[in-house]
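K.L.:
Pasting in a structure now, in structure tokens, and then I'll have a few things to ask.
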Protein chains: 2
Amino acid sequence: MLCIRDFAPTDKKQNIMENIYAERIAALRQMMASKGWDAVVVSGSDPHASEYPSPRWKQVEWLTGFTGEAGDVVITLDHAGLWTDSRYFIQAVTQLEGTGVELHKTRVPGAVLIPEWLSKNASTVAVDGLCQSMGAVQEIEEALAHTHPDGDFRVVDIPDMLEVFWNDRPQIPATPIATMDVECFGGISRLDKISWLRKWMMIEEIDKVLLTSLDEIAWLLNVRGNDIEYNPLVISYLLVSQDYVKWFAKKSAFGATDPDTEDSFNELRMDEVEIEDYDALCFSLSDADSGERIFADPSTLNYHTYKYIQESCPGITLRLGKSPVILEKAVKTSTEIEFLRQTYIEDGLAVERFLYWLEHEVAARGEVSEWEASEHLTSLRAEIPGYRGNSFENISAYGANAALPHYSTPQQGSAMIRPQGLYLVDSGGQYLTGTTDITRTVPMGECTMLEKEDYTLVLKGMIALSMAVFPRGTAGCQLDVLARNALWRSKRNFGHGTGHGIGYWLCVHEGPQDIRQNFNQQPLLPGMVTSNEPGIYREGKHGIRHENIVACREAGVNDFGDWLEFETLTCCHIDTSAIVAGLLDSDEKAWLNAYNESVYRRISPLMAPDEAVWLRAKTQPVQ
Amino acid sequence: MLCIRDFAPTDKKQNIMENIYAERIAALRQMMASKGWDAVVVSGSDPHASEYPSPRWKQVEWLTGFTGEAGDVVITLDHAGLWTDSRYFIQAVTQLEGTGVELHKTRVPGAVLIPEWLSKNASTVAVDGLCQSMGAVQEIEEALAHTHPDGDFRVVDIPDMLEVFWNDRPQIPATPIATMDVECFGGISRLDKISWLRKWMMIEEIDKVLLTSLDEIAWLLNVRGNDIEYNPLVISYLLVSQDYVKWFAKKSAFGATDPDTEDSFNELRMDEVEIEDYDALCFSLSDADSGERIFADPSTLNYHTYKYIQESCPGITLRLGKSPVILEKAVKTSTEIEFLRQTYIEDGLAVERFLYWLEHEVAARGEVSEWEASEHLTSLRAEIPGYRGNSFENISAYGANAALPHYSTPQQGSAMIRPQGLYLVDSGGQYLTGTTDITRTVPMGECTMLEKEDYTLVLKGMIALSMAVFPRGTAGCQLDVLARNALWRSKRNFGHGTGHGIGYWLCVHEGPQDIRQNFNQQPLLPGMVTSNEPGIYREGKHGIRHENIVACREAGVNDFGDWLEFETLTCCHIDTSAIVAGLLDSDEKAWLNAYNESVYRRISPLMAPDEAVWLRAKTQPVQ
């Protein structure tokens, strides 16, 4: 799944409801006037800087109707603005119509960002410090200090500021939780993970670690929940000292009658994990001894908690830095990799069955809707033992729809897939034994020469990266051009990253590694699992993406260095009917033919006979 | 020329002279004792942080006998140490024998660098602030402050500290200077360059710019000298305000009878460049008005000047940053590029004649020494109109010698080139119309399969980079893997950068761009001239490097972006006799055949008939 977020198309109800947003903003302004605030900042994030917030924290959407996933709002007494980037310009203009909220463009030349804008238009600024990282608020404070050298400015932290107006605001989610059986399904025990963290703390001379990122907590405790759609997370904080592990989560989850939750709770207690209430974090922090050094990661520590530590915990010395859990989580163990291999075969089988079904249905009925296809794919995944839902919303996009980076297949009125051109399907599952993510672009019949060329050039990129061998220490940004070079030489390109890290029954996007045109210095390490997904998008025409998931592994040591390479985990054939064979060199053909043959070898024994015959035909070598 | 510096092999006289170094260190210690210094730092650099210092500033060599180009020395009353990196470990051990100076390894795990070492072993440290950048000394001060929190430490700046002992110390060089005729030989007039800099100063709200880097000064003033071997520089400082341009150089150069120097001097005066004495910089700075903002680049501003400004110029506010001249100098004008094309043809003709001569001489005589070959190549370059010397010391290396990254061809007893295996020649010239740099690896006869494979894989890398097309904004580090991928896939590699910037009748190494495995974010821009020189080195066997010089140029704009590509400037055939044709794909063969054909087309009309026949045979297409 590519690293650009999707959005739901504009809700038709919006125009009817537009006064609601104006009314909400008016109510907020009334509060501002009574409190003496010049400006209020409303953020689109949650208290844990999660990539996808749960409905409770969709505050920007509640206040303005804007549903894009990146956007912050500033309200003053005479201005309301939404700051967002080019991915959402068109959507914002449509959705903000009639609300009085103006679009402020970010990531454009000369952009004035929120801190600078505030510094010129306000001196008392209220923020919901729960939903802003400490870094974001510090930037506001620094900008205000710059324009108010005499110090006559204030940033006020008002947690849950909108709660008083938002009658039907969703609760903090508290879904059932499950612990992972690492003996059965790979991984490291929570006690070993805690020991590792405590050792790190000793080396770094740190007394306590405060984890605030939800996937880091889930990984460390080997717990999974369902608090955020597609992301098996539990809204919580974790505090680890040499003496205790305190998990601050919504206790209601454990109070439920769900027997798995009850068992998980007991298992955690057996491992001496204390369960505290989600809201009890600050109280617990205030208990710190004088001189205690507490570590937190500023990219996910929210301003409210930061402020609390600074003001109410004089004993604490805050040590800020990049959480060590991020890297440890990214490097999968050899048993996890072994489980992933099997999981990707089962997931690949579901996708192969889907492609078989789709081809036959379109042939029989003449057309199948994108939505029906998507639902059918999900139903096939749901049959897999250990399936725990999808890892993101399926992208099921035919023809020109596949060229829209934000395309979300609508339930009603989705496009019909017909026996010509290209169909793109990007999907993945959550399983007890890992998270999957795969994109296949499927020639449904006759394709244009441009479609074929694009299809082949993107495939060349995916193959080049798949075949890469590189010395230990190489970062993803140093390999990215391999996935782009064939396209670039034809002056074609794609606007998203080539690869993102993937969790193990966790988030489908995780760091610290990636493969893209940036300067991320994190080396690729054996055990890291990353996507390999070049693409191309032609507005109004077609979109193509080929995505396999690869695991980095050792490839031997010689006089020239210590070598690494990729093992492709994804197990699903690549359609050869749209390939321009003359554009592939002999190495690329050899890779493609060997890959398709290995897919046939692994998948066909699990298939029905007619499916296996079909797959045999699909995996004939390209000459 | 690759970016690893060469060193002269250990001098045989050293053992006889070793007591001299011990005596010099003893004399320095006597001074230290009398002055109350715990430690003295002696640096291997010059007052301008030049890549190659002139003999006057080879202080480390004078004091210890160590001739490596990277190395700093610390002397205390009971310890003498040389800090250098792995390139020089073996050399240092040999050269320091008997001097009492111990090797401290840098760039190894757990290395204790000079600041940290000093902080534990000294509290009063003397430095020659002229030969240390302000950044280097600040690190020492910070380390001392850390171990002496009560502030009882001192860093003393003693410019030219060794002068009292060094009787025959070379003078500051003052060679004849020449101004560039930009109308005849390309480039921007000095008045236009000065106007550009003054505009930049206005935008940045800076009153004066102090340029300390010698190639920046030479570029801005359109002057060239010969103060450093192979580098056409003038030892000087430059101070630019809105009202004046003051050039602080050794006036003796202008006092000479050399008519070109006299003319240059008059030309500079006509353009209102005031010539001041090299030593008058500080005096001139002290003249600053109160509140003046002076810009300097800390990477080339020496500590002595920095300290002077801080202590004796209370009116000056120092604004430190990366000099804007570096980027402006790197982007060549279209007329400069046009002159470079012609220069590279003339330079290529010299190299072609050399290769013709070498092949025939080895055939006739059975062998030719590396030294004779090198001298002959220089003599052929010297015939080119506008030749102003070589741009670095020729590397003329046969067989296993080519595998030594530091190989310097000895005048006496150099290896004999015979009609088998590989000969590597890396060389370049300085011309009125640009600087050249080219490496050819020449199969002299029968080659082993390993030599052929290596030769072909390195060539694949050079071709891949030559063919690259990339969007505007791409940095060299994002392309580097193209030059390595073919080698990497065979688990082979090279330990130097793939490309460095090249000056225009200036230094053969310049920034800010490069192509290597780093994270240098400087995008490649149209007009930048960079080397493309992958290689491979097998100790005791052979060394291979293929080096062309490429200019970045525009390649059109389309829906996918604004595209750039490389134009190869170097014009000298690539020998095809050692190519394993099966390792080249059709694109690579097409590039190679087109390149060799274009070399033939451009060079053969300038050749004698027998040479042209030879080149025709050498440039037959690979099938």
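The values are calculated or read from the model by the stated rules, or taken from the named source; none is laboratory data. On a predicted model such as this, the values are computed, not experimentally measured, just so you know. Neighbour counts are summed over all protein chains in view; Cβ atoms, including those assigned to glycine, are modelled from backbone coordinates with ideal geometry. Quick note on the areas: whole protein, heavy atoms, side chains included, nothing else; ligands and nucleic acids left out. Shrake-Rupley method; radii C 1.70, N 1.55, O 1.52, S 1.80 Å.
K.L.:
Looking only at the range A:458-468, how many residues end up being in contact with a Leu (Cβ under 6 Å, 6 or more places away or on another chain), open to solvent by 10 Å² or more (accessible area, probe 1.4 Å) and more than 10 Å from chain B (Cβ to nearest Cβ)?
P.N.:
Matching residues across the range A:458-468 total 0.
K.L.:
Among residues belonging to the range B:469-513 that are on the phi > 0 side of the Ramachandran plot and not aromatic (Phe, Trp, Tyr), point out the one that is farthest from the other protein chains (Cβ to nearest Cβ).
P.N.:
Checking each candidate, the answer is B:473.
K.L.:
I'd like the full set of residues that are open to solvent by less than 10 Å² (accessible area, probe 1.4 Å) and touching a helix residue (DSSP H, G or I) at 6+ places or on another chain (Cβ under 6 Å), limited to the range A:505-519.
P.N.:
If the condition is that a residue be open to solvent by less than 10 Å² (accessible area, probe 1.4 Å) and touching a helix residue (DSSP H, G or I) at 6+ places or on another chain (Cβ under 6 Å), then A:506, A:513, A:515 are the ones that fit.
K.L.:
Among the residues of the range B:540-558 satisfying the criterion of being aliphatic (A, V, I, L, M) and farther than 30 Å from residue B:447 by Cα, which is nearest to the other protein chains (Cβ to nearest Cβ)?
P.N.:
B:555
K.L.:
Can you tell which of A:435, A:456, A:474 is of a type in the set (Val, Ile, Thr), in contact with a helix residue (DSSP H, G or I) (Cβ under 9 Å, 6 or more places away or on another chain) and closer than 16 Å to residue A:549 by Cα?
P.N.:
Result of the check over A:435, A:456, A:474: A:435.
K.L.:
For the range B:160-185, which positions are open to solvent by 60 Å² or more (accessible area, probe 1.4 Å) and either farther than 22 Å from residue B:261 by Cα or not hydrophobic (A, V, I, L, M, F, W, C) (or both)?
P.N.:
Answer for the range B:160-185, where residues must be open to solvent by 60 Å² or more (accessible area, probe 1.4 Å) and either farther than 22 Å from residue B:261 by Cα or not hydrophobic (A, V, I, L, M, F, W, C) (or both): B:163, B:164, B:167, B:168, B:171, B:176, B:181, B:183.
K.L.:
Would you check if there is a residue in the range A:249-272 being in contact with a Phe, Trp or Tyr (Cβ under 6 Å, 6 or more places away or on another chain) and within 21 Å of residue A:503 (Cα to Cα)?
P.N.:
No, every residue in the range A:249-272 fails to be in contact with a Phe, Trp or Tyr (Cβ under 6 Å, 6 or more places away or on another chain) and within 21 Å of residue A:503 (Cα to Cα).
K.L.:
Next up: Of all residues being open to solvent by 20 Å² or more (accessible area, probe 1.4 Å) and not small (Gly, Ala, Ser) in the range A:589-599, which is nearest to residue A:465 (Cα to Cα)? Just the residue, please.
P.N.:
Across the range A:589-599, the extreme among qualifying residues is A:591.
K.L.:
Say we look at the range B:438-457 and pick out the residues that are open to solvent by 20 Å² or more (accessible area, probe 1.4 Å) and in a loop (DSSP other than H, G, I, E, B); which of these is nearest to the other protein chains (Cβ to nearest Cβ)?
P.N.:
Ranking the candidates gives B:448 first.
K.L.:
Mind telling me which of the residues A:527, A:543, A:556 ends up being over 17 Å from residue A:463 (Cα atoms) and crowded, with 18+ Cβ neighbours inside 10 Å?
P.N.:
None of the other options fit; the residue is A:543.
K.L.:
Something else now. Just the residues that are in contact with a Leu (Cβ under 9 Å, 6 or more places away or on another chain), at pLDDT 95 or above, open to solvent by 40 Å² or more (accessible area, probe 1.4 Å) and not in a helix (DSSP H, G or I), please, taken from the range A:355-386.
P.N.:
none
K.L.:
Name the pairs: first residue in the range B:440-456 and among the acidic types (Asp, Glu), second residue open to solvent by 50 Å² or more (accessible area, probe 1.4 Å), Cβ to Cβ under 6 Å, at least 6 apart or on different chains?
P.N.:
B:446/B:420
K.L.:
Could you count how many residues in the range B:186-214 are modelled with pLDDT of 95 or more, of a type outside the set (A, V, I, L, M, F, W, C) and open to solvent by less than 20 Å² (accessible area, probe 1.4 Å)?
P.N.:
Adding up the residues that qualify gives 5.
K.L.:
Same structure, new question: Out of (1) outside any loop (DSSP other than H, G, I, E, B); (2) under 15 Å from residue B:549 (Cα atoms), the odd one out for residue B:574 is which?
P.N.:
(1)
K.L.:
How many of the residues in the range A:600-623 are within 33 Å of the chain's Cα centre (by Cα) and surrounded by 12 or more Cβ atoms within 10 Å (Cβ to Cβ)?
P.N.:
Of the residues in the range A:600-623, 9 are within 33 Å of the chain's Cα centre (by Cα) and surrounded by 12 or more Cβ atoms within 10 Å (Cβ to Cβ).
K.L.:
Just one of the numbered conditions (1) open to solvent by less than 20 Å² (accessible area, probe 1.4 Å); (2) modelled with pLDDT under 90; (3) more than 30 Å from the chain's Cα centre (by Cα) is not true of residue B:284; which one?
P.N.:
(2)
K.L.:
Answer with yes or no whether residue A:129 is within 21 Å of residue A:236 (Cα to Cα), surrounded by 21 or more Cβ atoms within 10 Å (Cβ to Cβ) and touching a helix residue (DSSP H, G or I) at 6+ places or on another chain (Cβ under 9 Å).
P.N.:
So residue A:129 fits the description; yes.
K.L.:
Shifting gears a bit: So in the range B:584-596, with the set limited to residues that are within 14 Å of chain A (Cβ to nearest Cβ) and not in a loop (DSSP other than H, G, I, E, B), which one is nearest to residue B:342 (Cα to Cα)?
P.N.:
Only one residue fits best here, namely B:591.
K.L.:
Of all residues in the range B:416-437 being hydrophobic (A, V, I, L, M, F, W, C) and over 30 Å from residue B:181 (Cα atoms), which is surrounded by the fewest Cβ atoms within 10 Å (Cβ to Cβ)?
P.N.:
B:416
K.L.:
If you take the residues of the range B:300-330 that are polar (S, T, N, Q) and crowded, with 17+ Cβ neighbours inside 10 Å, which of them is nearest to residue B:212 (Cα to Cα)?
P.N.:
Checking each candidate, the answer is B:300.
K.L.:
Taking the options A:67, A:124, name whichever one is open to solvent by 30 Å² or more (accessible area, probe 1.4 Å), touching a helix residue (DSSP H, G or I) at 6+ places or on another chain (Cβ under 9 Å) and among the hydroxyl-bearing types (Ser, Thr, Tyr).
P.N.:
That would be A:67, the only listed residue that is open to solvent by 30 Å² or more (accessible area, probe 1.4 Å), touching a helix residue (DSSP H, G or I) at 6+ places or on another chain (Cβ under 9 Å) and among the hydroxyl-bearing types (Ser, Thr, Tyr).
K.L.:
Output the residue which, of all residues in the range A:559-583 that are buried (at least 22 other Cβ atoms within 10 Å of the Cβ) and within 13 Å of chain B (Cβ to nearest Cβ), is farthest from residue A:514 (Cα to Cα).
P.N.:
A:564
K.L.:
Does residue A:537 satisfy being within 13 Å of chain B (Cβ to nearest Cβ) and open to solvent by 20 Å² or more (accessible area, probe 1.4 Å)?
P.N.:
Yes.
K.L.:
Just a yes or no: is a residue in the range A:411-431 part of a strand (DSSP E or B), within 14 Å of another protein chain (Cβ to nearest Cβ) and among the β-branched types (Val, Ile, Thr)?
P.N.:
Looking for residues that are part of a strand (DSSP E or B), within 14 Å of another protein chain (Cβ to nearest Cβ) and among the β-branched types (Val, Ile, Thr), one finds none in the range A:411-431, hence no.
K.L.:
Sticking with this structure for a sec: From the list B:422, B:459, B:479, B:432, which residue is over 23 Å from residue B:352 (Cα atoms) and aliphatic (A, V, I, L, M)?
P.N.:
Among B:422, B:459, B:479, B:432, only B:479 is over 23 Å from residue B:352 (Cα atoms) and aliphatic (A, V, I, L, M).
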